[in-house]
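K.L.:
Handing you this structure, nothing more for now.
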Amino acid sequence: MNTQCMFDYAKRVLESVSFDPELFYKELHKATQSLLPYQLEQLEKWVVSFIANKPELHESFALITR
């Protein structure tokens, strides 16, 4: 799987598990382990935008960005 596909896959998975903060955290953690550094920057920007109106996911993102 090429790296752009991995990035797109990670976004799709995160969207699909966003109903559960614990699952979201686990999948976000997995994504940070499998993406390239420049993709992590893109993912961070995307996640910030995605969770803007989802306060229940803010803690999961904070744990990853420490």
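K.L.:
If a residue has to be part of a helix (DSSP H, G or I) and in contact (Cβ under 8 Å) with a residue 12 or more places away in the chain to count, how many in segment 31-53 make the cut? Can you show your working first?
P.N.:
We begin by selecting, within segment 31-53, every residue part of a helix (DSSP H, G or I); these are 31-34, 37-50.
Next, from what is left, pick out any that are in contact (Cβ under 8 Å) with a residue 12 or more places away in the chain: 31-32, 34, 39, 42-44, 46-48, 50.
Looking only at that region, the number is 11.
K.L.:
Give me the residue from segment 12-33 that is exposed (fewer than 14 other Cβ atoms within 10 Å of the Cβ) and among the polar types (S, T, N, Q) and, out of that set, modelled with the highest pLDDT.
P.N.:
The residue in question is SER16.
K.L.:
Only one of (1) open to solvent by less than 60 Å² (accessible area, probe 1.4 Å); (2) over 11 Å from the mean Cα position of the chain (by Cα); (3) not aromatic (Phe, Trp, Tyr) fails for ILE64. Which number is that?
P.N.:
(2)
K.L.:
Take GLU56 and decide whether it is at pLDDT 95 or above, part of a helix (DSSP H, G or I), out of contact with any Lys or Arg (no Cβ under 8 Å at 6 or more places or on another chain) and open to solvent by 70 Å² or more (accessible area, probe 1.4 Å). Before the answer, list the steps.
P.N.:
Details: at pLDDT 95 or above: no; part of a helix (DSSP H, G or I): yes; out of contact with any Lys or Arg (no Cβ under 8 Å at 6 or more places or on another chain): yes; open to solvent by 70 Å² or more (accessible area, probe 1.4 Å): yes.
Spelling it out, it is not the case that GLU56 is at pLDDT 95 or above, part of a helix (DSSP H, G or I), out of contact with any Lys or Arg (no Cβ under 8 Å at 6 or more places or on another chain) and open to solvent by 70 Å² or more (accessible area, probe 1.4 Å).
The values are calculated or read from the model by the stated rules, or taken from the named source; none is laboratory data. Bear in mind that the values here come from a model prediction, so they are computed numbers and not experimental data. Neighbour counts are summed over all protein chains in view; Cβ atoms, including those assigned to glycine, are modelled from backbone coordinates with ideal geometry. Just so you know, the surface numbers come from the protein's heavy atoms only, side chains and all, with ligands and any DNA or RNA stripped out. Shrake-Rupley method; radii C 1.70, N 1.55, O 1.52, S 1.80 Å.
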